[in-house]
Amino acid sequence: MINELLKIADNIGLTGYETYKKRTVHWFIELDNDGNYLGFSPSTGATYISKGKSNETRGKKFIVPCNYHAQIKNGEINGVCTNQHNWLPDFLTYPANELFPKGIYGKQEKKLDKLKKSGELISEANKALPQNRLLCAITRYIQKEPDFPSKDLFFSNDKEKASLLKRFDEEFERISFRVNGKIVFLDEEIKRWWILRNEKTRNEVLSLLPEGNDFYLSGKGKLTEFFPVVFNNIPFASFDKDPFVSYGLGKQTTPLRIETSEKASAALNWMLADKNYNIVMGDITAIFWARNNNSVNSTGFVSLISKSDSLEVKDFLKNIWGHQQPNIEESDFYAVLIAPKRGRFSIYSWHTETLKNAEEKLKSYFQSIVIPLNGEDTTFSISELAGVTVRKGKNSSPLPNTYISLFETALFGLPVPYKLFKAVLIRQGVEMAKGVEEKNKNEFEKRLAARTAVVKLYFKTNKTNMTKGGNMEQEKHDIESNAGYLCGRLLAMLDRIHIAAHEKSGGTNNSPANRVYSTASKTPALIFPRLCDLVRHHLNKIGGGRARNLEFGVLKEKRTDGIDEDFDGLANICNKLKESNEKDFPRILTLENQGRFAIGFYYERCKKEPRTQEPKTQNDKD
């Protein structure tokens, strides 16, 4: 991985010790040339439409000054702005507690050391550039020890006020300065000064580092002691901590050249900053890229797996979306799955593939998870698929391995694990038993569809199941002969009839699917005979041509609803079950056949009840 990151850094011209980086600035303190306060303005990043209204996202990305990742402190090298070492403020962009002496709420309780250092850094810049009006204005403003300008914030209610102030206090909002309308950190004179200052800092650090070599760069050079950060505040590596053991090397237990650590970190951060190179899935971050000789390219089509936009997926399947890479046959595709957590990040898996194969695997993945929902073909994001393995709620989140398994299936064709397949089926039984309230109906149906998609994906990617008729698609629904699949169809039909029989009496929350789904999918012989006895009562209650259609089905030529397919009624499904290899209701269904049951149930549930032309009575003819 490090070798590939070094190649990326070289290809795009990253040194790893750039003195400016892209960062979001949310607010600007407006000053005049004399440092007088004029206002407090939010920056706007983008405009978007939501629920028919135009909305703006606060915060805009700028190229802003950043500290070198290590500094000399008390004669020793120290890391900067990591979880372990966060003692030096940035220059000209601040969280509020590093700028206002009294903090957000009028009583400063933290960041006093960084507050002092931020003022010292502004003073240092002002002394180096005494003619710079922008720095003079900021210096005068800071010397007044201003209060946080909460009076200039607009709040529609107390809840919004408390939420925004909390964001300021927890350092999610960053602040900079505009003097007479000019953004201070974009001033060329200030830029040059900051670059020279950082070069001096780096040379001071290098002078204290020992020489050595590593496995990645040729020749000797300075060995790093502290590492640049990735994921905002996590050191790229930490070789002086357990489980590494020093053998007389001090902090260099596993040595890396400083150029190696800087370039590798810079390449990783560069891809983390661009959504065409990464996807966040719960606690897992997937990073991916393509490389052809010396060219590094984004693979934007991969980001489709984090969306649930069926139109974009359709374009991709029609081969309209991708192929921006000129030599797709020769290009290499890379993906690494990383979990940043608790001051460290862990690499879960590393994959290499050709770009062409990755694209083909992704197409196969999408074709497997296309599911009809509300009359339209629908696909799901990885987060949605992972989410149906656990109950819906704030305190329930999928396991990291769930995201990893789905990602590896999508891009590399790895089989869906049996454990994940089992978790989905268990969740299916639980949620069907709970039923659904009318207000949550859409969410219930979407989760049911997503679980069916995961079950389909399991059969598609496990070849031993495909040889047993596992690759089940909607177009084969009416000809499937597996007894488990047919039992699923039968339960959906019995459910349809039960609901139709109770329509005139205000509906029902006690249909067969809600009452007995779990039992029916495991031990059909125990439950279906009783359900089939009860269905006669429901058909009689419905009566007329509708009951006849539900019981005996409708040929496509007799339908008047424009749907060109036969509709199998209750009798048709029962006959097919009698002709299956089981000849009757199976006593027990294996877990795989429970999966087939789930697919048969869902597809039958999606079928529209047929409309037919009722025969005219004698009175109608008269």
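Annotation: of all residues in the stretch 91-127 being assigned to a helix (DSSP H, G or I) and of a type in the set (Lys, Arg), the one that is surrounded by the most Cβ atoms within 10 Å (Cβ to Cβ) is Lys114. Restricting Asn36, Asn55 to those that are at pLDDT 90 or above and open to solvent by 30 Å² or more (accessible area, probe 1.4 Å) reduces the list to Asn36. Against the numbered list (1) among the basic types (Lys, Arg); (2) over 37 Å from the mean Cα position of the chain (by Cα); (3) modelled with pLDDT under 95, Arg192 comes up short only at (3).
Per the listing Glu330, Glu359, the residue uniquely out of contact with any Asp or Glu (no Cβ under 9 Å at 6 or more places or on another chain), in a loop (DSSP other than H, G, I, E, B) and either open to solvent by 10 Å² or more (accessible area, probe 1.4 Å) or not polar (S, T, N, Q) (or both) is Glu330. It is to be established whether one or more residues within the stretch 559-582 are part of a helix (DSSP H, G or I), over 19 Å from Glu480 (Cα atoms) and open to solvent by 40 Å² or more (accessible area, probe 1.4 Å). No; the residues of the stretch 559-582 include none that is part of a helix (DSSP H, G or I), over 19 Å from Glu480 (Cα atoms) and open to solvent by 40 Å² or more (accessible area, probe 1.4 Å).
Within the stretch 362-385, the set of residues being part of a loop (DSSP other than H, G, I, E, B) and open to solvent by less than 70 Å² (accessible area, probe 1.4 Å) comprises Val370, Thr379, Phe380, Ser381. Please tell me if Leu526 is open to solvent by 80 Å² or more (accessible area, probe 1.4 Å), of a type in the set (A, V, I, L, M, F, W, C), more than 36 Å from the chain's Cα centre (by Cα) and closer than 25 Å to Pro586 by Cβ. Yes, satisfied. Of all residues in the stretch 152-200, those satisfying the criterion of being outside any helix (DSSP H, G or I), open to solvent by 60 Å² or more (accessible area, probe 1.4 Å) and over 20 Å from Phe62 (Cα atoms) are Phe154, Ser156, Asn157, Glu170. Select from the stretch 403-426 the residues that are open to solvent by 10 Å² or more (accessible area, probe 1.4 Å) and among the hydrophobic types (A, V, I, L, M, F, W, C) and write down the one among them that is nearest to Val280 (Cα to Cα). Among them, the one singled out is Ile404. Against the numbered list (1) under 17 Å from Asp584 (Cα atoms); (2) out of contact with any Leu (no Cβ under 6 Å at 6 or more places or on another chain), Leu486 comes up short only at (2).
Note on the stretch 128-142: residues that are in a helix (DSSP H, G or I), out of contact with any strand residue (DSSP E or B) (no Cβ under 8 Å at 6 or more places or on another chain) and without any contact (Cβ under 8 Å) to a residue 60 or more places away in the chain amount to 2. For the stretch 201-246, filtered to residues that are outside any helix (DSSP H, G or I), aliphatic (A, V, I, L, M) and surrounded by 14 or more Cβ atoms within 10 Å (Cβ to Cβ), the residue that is modelled with the lowest pLDDT is Ala237.
Among the residues of the stretch 268-282, those identified as outside any strand (DSSP E or B) and under 22 Å from Arg23 (Cα atoms) are Leu268, Asn269, Trp270, Met271, Leu272, Ala273, Asp274, Lys275, Asn276, Tyr277. Pairing each residue of the stretch 299-319 that is of a type outside the set (Asp, Glu) with any residue that is modelled with pLDDT under 80 and not in a helix (DSSP H, G or I), provided the two are 6+ apart or on different chains, yields C-beta distances under 7 Å for Phe301/Trp321; Phe301/Gly322; Phe316/Gly322.
Of the numbered criteria (1) more than 20 Å from Thr452 (Cα to Cα); (2) part of a strand (DSSP E or B); (3) in contact (Cβ under 8 Å) with a residue 40 or more places away in the chain, the one Thr352 fails is (3). Just one residue in the set Asn514, Asn510, Asn482, Asn442 is out of contact with any Pro (no Cβ under 8 Å at 6 or more places or on another chain), at pLDDT 85 or above and exposed (fewer than 15 other Cβ atoms within 10 Å of the Cβ); that residue is Asn442. Residues that are out of contact with any helix residue (DSSP H, G or I) (no Cβ under 8 Å at 6 or more places or on another chain) and crowded, with 18+ Cβ neighbours inside 10 Å were ranked within the stretch 333-344; the one that is modelled with the lowest pLDDT is Pro340.
Note on the stretch 1-35: residues that are under 15 Å from Asn269 (Cβ atoms) and in a loop (DSSP other than H, G, I, E, B) amount to 8.
Is it fair to say Tyr68 is open to solvent by 40 Å² or more (accessible area, probe 1.4 Å), modelled with pLDDT of 90 or more and over 13 Å from Ser176 (Cβ atoms)? The answer is no for Tyr68.
The values are calculated or read from the model by the stated rules, or taken from the named source; none is laboratory data. This one's a predicted model, so the numbers in the text were calculated from it and none came from an experiment. Heads up, the Cβs are rebuilt from the backbone with ideal geometry, glycines too, and the neighbour counts pull from every protein chain shown. Surface accessibility is based on the protein's heavy atoms, side chains included, excluding ligands, DNA and RNA. Shrake-Rupley method; radii C 1.70, N 1.55, O 1.52, S 1.80 Å.
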